[in-house]
2 protein chains.
Amino acid sequence: MALIVCKFGGTSVASPERIQMVAKRLIARKQAGHDVVAVVSAMGKTTDELVGLAAALNDNPPAREMDRLLSTGEQVSMTLLAMAIEARGYKAMSFTGRQAGIETDGTHAKAKIVKVHNERIMEAVNKGMIAVVAGFQGIDANGDITTLGRGGSDTTAVAVAWGLNADVCEIYSDVDGVYSADPRVAPRARKLDQVSYEDMLELSGSGAGVLQMRAVEFARKWNVVIHSRSAFSDAEGTYIKEEPDMEEAVITGIAHDTSEIKFTIRGVPDMTGVAAKVFSALAGNMVSVDMIIQNTSESGTTDISFTCPGADEKRARETLERIMGDIQAREYVVDEDIAKVSMVGTGMKSSPGVAAKAFQTLGENKINILAISTSPIRLSVVVDSAQTNAAVRCLHTAFGLDSDSVFEEKQLSAEEVAAKMNKGR
Amino acid sequence: MALIVCKFGGTSVASPERIQMVAKRLIARKQAGHDVVAVVSAMGKTTDELVGLAAALNDNPPAREMDRLLSTGEQVSMTLLAMAIEARGYKAMSFTGRQAGIETDGTHAKAKIVKVHNERIMEAVNKGMIAVVAGFQGIDANGDITTLGRGGSDTTAVAVAWGLNADVCEIYSDVDGVYSADPRVAPRARKLDQVSYEDMLELSGSGAGVLQMRAVEFARKWNVVIHSRSAFSDAEGTYIKEEPDMEEAVITGIAHDTSEIKFTIRGVPDMTGVAAKVFSALAGNMVSVDMIIQNTSESGTTDISFTCPGADEKRARETLERIMGDIQAREYVVDEDIAKVSMVGTGMKSSPGVAAKAFQTLGENKINILAISTSPIRLSVVVDSAQTNAAVRCLHTAFGLDSDSVFEEKQLSAEEVAAKMNKGR
């Protein structure tokens, strides 16, 4: 008997049929003797559709109105899920972010949770109800609705789990856990039983899309155990928690990310203060710079490269156009065909030689390294995007991560999904 | 310079293009020097779609969840309208029922407004903003969202106009006012410049669908002037207010309603208490009985007929099945092909002979009267539904309501609607 928070994403509640499946799943947890709190995202593509409607009316919609608009998506899915549970003879009650007591700061579209009051949810749970909470939203000090940013429902789930002192926060999705690499790229990737918060953060930040980084950060800060598992089966997934029960491997997993692009500013005068000018201008224009590489100076000028999300390209170009004269640089070029491949593992701290082994492996496989960045538990290299899969696979093998079985990629048909879901019940 | 409340229905905000038109319209009112508060319904068929989703999950959805679900529709349209106004360089702010201070009782799905606090709206208006209020919804004493029932947005508009002490509540729709009869049925129908609350209530209750009865009742109670006008043109529509400026005609208009059905219970023992049993059973089963006709008794038994909305047929049948034995009636029959034609006019009070003239006119036109009911300002007859148009037309002519011009019915194409809307700007 435990108190569990179960989070279901937009795909899991995309249709009445899917919502029925989620209701069944929650009731099964309840029947197993647990107290159950669900957190849901908006149905399927709802949020995108609402964003599209807003874009048709205003190029730069007021943030307060936008948050209010988007928050309706989760309010629809939560009420429908509550209705589906009630239709099966169990008691349910839905809660908006406001009613769930999720207080945030006033940063619309990217609000941060500052407090969680869970009295109303506990009251419902104590009455034997399944509480259904709208993900992604909270309320600021003015009483206005805020949203937590894309994928914020994971963060809601962790925050609610923390507020309720829940035993575990189960995050359901269409993958059955965290893998040592993307199995579609490295077919010998292994599902991990446990991952530390630190490793999970580096994996998420390096392109492994299972969990939202903010949710993992929140979980680490407040020590909430996350269980990433499949919405389609009862199999155990991956636990993310402070101290994994087993000895950690040197490398936990290999992540890759093809969404970044690389800028190179050529012919920059090699003077103090130039890099500061470039990166403070980029930051001021909301460009999320990831890696920074300054090459060796020749003849008084140098090249500065950086990577950033492809989505920031326009803003990055604008910024550079504006400051090129000021910093007296010759030109800048953009390379969109890059991939970042990252080796992640807390075990790296106590195992020197990871970088050397990685470079050697990549070299043997004729993969050219365009840039390198490191953290105490991560080593990332930028390679040509055409070589992404080759890089992930050879590193996965070299660091002893290969499993004995081979992952078979397969696009599931609607019937197969349904069959899988039913089997999971 | 006035303070005006402008209400737009679901058709007027059905698409981003339509919402743009509404924004233009509101800004034109603002530019004319008025303080402007808008009230909007959900976009197009949104409410129906949400009802459909709920029905797919629960035959009898919990009322609290249902109201929360449906209230999202207006929250979408209000934020989109506010965004469209802002995109045109004017300030706007949206308000949910809660934020607009609309307090209701706790009757989910059919809540009654008990209080209106309009401080937040006035604050926005005083800052020069166009306030955009979600129609159809309020909040009960528990802080739960309630809805006012279908068409409740008209009521919201009148309530907000009352709370703000607005000069007028403009209700925009695809008709340009209140007519002396449905012009599609009686092509010589005239648009009325003014109608009293009483006449409007009888017309609404008798099938003229321009305005929601509850909204008119609310307006009468609190003396709010309504202006029913076209969303497509700047022409004046019809004012609904206490004392029309001109001498009233005997008959203001002829309404008709084909949505009712007629039940006849045959062979009812002619004893006291039987009718009471029948109608208290029907009321207990939520059947909205309209007209009641008890025919002359023959041989100790009598026939009781009543009309009710077609939507109540199933519940009415269930009720009758249950009590037939108890009241010892022989049988009951249902006639679905009926129409109620009503002559309405406050002037009837001081003009005897309306009934005689109506019956004579119908007789001359070979229209059989199946039932009659009256109020001080209304005379309704039930006729065979095939004779609806003939009945409306001959009465319209007989009571001197015909205009000189003939209404041309025409289904507008999408382009024509757009052209009309643009002309209206």
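The values are calculated or read from the model by the stated rules, or taken from the named source; none is laboratory data. What you see is a predicted model; the values in this text were computed from it and never measured. Ideal geometry is used to build each Cβ from the backbone, glycine not excepted, and the neighbour counts take in all protein chains shown. Side chains included, ligands, DNA and RNA excluded: accessible areas come from the protein's heavy atoms. Shrake-Rupley method; radii C 1.70, N 1.55, O 1.52, S 1.80 Å.
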_Kirkwood-Stokes translational diffusion coefficient of the stretch A:135-174, alpha-carbon pairs, 25 °C, 0.890 mPa s, µm²/s_ = 222 µm²/s
*To the nearest 0.05, what FRET efficiency results for A:LYS221 and A:ALA2 with a Förster distance of 22 Å applied to their C-beta separation?*
0.50
*Shortest first, in nm, what separates the label point of A:GLU318 from those of the same position in the other copies (7 Å along Cα→Cβ)?*
6.0
*What ranking of B:LYS112, B:LYS340 comes out by heavy-atom accessible area, probe 1.4 Å, highest first?*
B:LYS112, B:LYS340
*Over all distinct alpha-carbon pairs, what is the Kirkwood Rh of the stretch A:226-325 in angstrom?*
17.0 Å
*Kindly write out, for the stretch A:148-160 in residue order, the coupling ³J(HN,Hα) from the Karplus curve 6.51 cos²θ - 1.76 cosθ + 1.60 (θ = phi - 60°), rounded to whole Hz, with x marking Gly and Pro.*
8, x, 3, x, x, 5, 4, 5, 4, 4, 5, 5, 5
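Could you give the C-alpha radius of gyration of the protein assembly as shown expressed as a fraction of 2.2 N^0.38 Å, taking N as the number of residues it contains? Can you show the working numbers first?
Details: Rg = 34.0 Å, N = 850, 2.2 N^0.38 = 28.5 Å.
Taking N as the residue count of the protein assembly as shown, the ratio is 1.19.
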*Have a look at the stretch B:1-96 and give its Rg and Dmax from the Cα atoms, expressed in angstrom.*
15.4, 51
*Please turn the phi angles of the stretch B:5-22 into ³J(HN,Hα) values with the Karplus equation 6.51 cos²θ - 1.76 cosθ + 1.60 (θ = phi - 60°), one per residue in order, whole Hz, x for glycine and proline.*
9, 10, 9, 10, x, x, 5, 5, 10, 5, 8, x, 4, 5, 4, 4, 4, 5
*Calculate, for A:GLU364 and B:LYS91, the FRET efficiency according to 1/(1 + (r/R0)^6) with r their C-beta to C-beta distance and R0 45 Å; round to the nearest 0.05.*
0.10
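Would you list A:ASP59, A:ASP174, B:ASP270 from the most to the least accessible area, probe 1.4 Å? Write out the running numbers ahead of the final one.
On the way: A:ASP59 155, A:ASP174 105, B:ASP270 75 Å².
The residues order as A:ASP59, A:ASP174, B:ASP270, largest area first.
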_Average other protein chain Cβ within 10 Å of Cβ, residues B:63-70_ = 5
_Exercise: per-residue mean of other protein chain Cβ atoms within 10 Å, B:45-56_ = 3
*Would you compute, for the Cα atoms of chain A, the largest minus smallest coordinate along each principal axis and list the three values in descending order, in whole Å?*
77, 53, 39
*Where does each of B:LYS110, A:LYS30, A:LYS366, A:LYS7 land when they are ordered by accessible area, with a 1.4 Å probe and the largest first?*
A:LYS366, B:LYS110, A:LYS30, A:LYS7
*In chain A, what residue has the beta-carbon at the shortest distance from the axis of the rotation relating A to B, and what is that distance in angstrom, rounded to the whole number?*
A:THR72, 2
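Per the helix-only calculation at 222 nm, which mean residue ellipticity applies to chain B, given -39500 (n - 2.57) for every DSSP H run of n ≥ 4 and division by its residues, nearest 500 deg cm²/dmol? Spell out each step's value before the answer.
Numbers: 12 runs with 152 residues, N = 425.
Mean residue ellipticity, 222 nm, calculated: -11500 deg cm²/dmol.
Semi-axes of the equivalent ellipsoid of the stretch A:219-279: what are they in whole Å, largest first, if each equals the square root of 5 times a C-alpha gyration tensor eigenvalue? Please report the intermediate quantities before stating the final value.
Numbers: eigenvalues 355, 57, 36 Å².
Its equivalent ellipsoid spans semi-axes of 42, 17, 13 Å.
Of all GluC sites (Glu not before Pro) in the stretch B:306-361, which ones are in loop regions per DSSP and have a Cβ with at most 11 other Cβ atoms within 10 Å? Intermediate values should be presented prior to the final figure.
Working: sites: B:GLU313, B:GLU318, B:GLU321, B:GLU331, B:GLU336; in loops: B:GLU336.
Answer in residue order: B:GLU336.
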*GNM result for chain A, Cα springs below 10 Å: residue of A:HIS34, A:HIS396, A:HIS108 fluctuating most strongly*: A:HIS34
*Between A:ARG378, A:ARG317, A:ARG190, which gets the highest mean-square fluctuation from a Gaussian network model of chain A, Cα cutoff 10 Å?*
A:ARG317
*In the stretch B:353-380, which residues have a backbone nitrogen under 17 Å from the label point lying 7 Å from B:GLN294's Cα in the Cα-to-Cβ direction?*
B:372-374
_Amide H partners (placed H, <5 Å) of A:ASP270, local residues excluded_ = A:THR301, A:THR302
*At a probe radius of 1.4 Å, what is the per-residue accessible area of B:TRP162, in Å² to the nearest 10?*
80 Å²
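Once the convex hull of the C-alpha atoms of the stretch A:154-214 is built, how many Å³ does it hold per residue, rounded to a whole number? Walk me through the numbers before you get to the answer.
Working: hull volume 5.5 nm³, N = 61.
Dividing the Cα hull volume of the stretch A:154-214 by its residues yields 90 Å³.
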*Using the structure shown, select from A:LYS262/A:LYS349; B:LYS7/B:LYS191; A:LYS7/A:LYS262; A:LYS45/B:LYS115; A:LYS112/B:LYS24; A:LYS110/A:LYS221 the pairs with a Cα to Cα distance greater than 26 angstrom.*
A:LYS262/A:LYS349; A:LYS7/A:LYS262; A:LYS45/B:LYS115; A:LYS112/B:LYS24
*How well do other chains shield peptide B:14-21, expressed as the mean number of their Cβ atoms within 10 Å of each residue Cβ?*
2
*Where the centre of each part is set by its Cα atoms, how far does the stretch B:112-169 sit from the stretch B:274-353, in angstrom?*
37 Å
*Round to the nearest 10 and give me the degree value, 0 to 90, for the angle of helix B:354-364's Cα axis relative to the longest principal axis of chain B.*
70 degrees
*Label-to-label distances across copies for A:LYS115, with labels 7 Å out along Cα→Cβ, in nm, shortest first?*
2.4
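Kirkwood Rh over alpha-carbon pairs of the stretch A:26-169, then Stokes-Einstein at 20 °C and 1.002 mPa s: what D in µm² s⁻¹, rounded to an integer?
In µm²/s, the coefficient rounds to 140.
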*Hey, with R₀ at 51 Å, roughly what FRET efficiency would A:THR397 and A:GLU321 work out to, going by the Cβ-Cβ distance, to 0.05?*
0.70
*Under unit Cβ charges (Lys, Arg +1; Asp, Glu -1), what dipole magnitude, rounded to 20 debye, does the stretch B:67-138 have relative to its Cα centre?*
60 debye
*Taking a label point 7 Å out from Cα toward Cβ, give me the nm distances from A:SER15 to the same spot in the other copies, shortest first, one decimal.*
2.7
_Charge dipole magnitude, Cβ of K and R +1, D and E -1 - the protein assembly as shown, Cα centre, debye nearest 20_ = 480 debye
*Name the residue, out of B:VAL250, B:VAL287, B:VAL132, whose mean-square fluctuation peaks in a Gaussian network model built on chain B with Cα pairs under 10 Å.*
B:VAL287
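So, with +1 on the Cβ of K and R and -1 on the Cβ of D and E, and no other charges, what is the size of the charge dipole of chain A about its Cα centre, to the nearest 20 debye?
Numbers: 45 positive and 56 negative charges, 189 e Å.
About 900 debye.
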*Of A:PHE95, B:ASN60, B:MET343, which is farthest on the positive side of the dipole of the protein assembly as shown, counting Cα position, with +1 on Lys and Arg Cβ, -1 on Asp and Glu Cβ, and the Cα centre as origin?*
A:PHE95
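Would you mind getting the Kirkwood hydrodynamic radius of the stretch B:1-43 from its Cα pairs, rounded to one decimal in Å?
Details: mean 1/r = 0.0951 Å⁻¹.
This gives a value of 10.5 Å.
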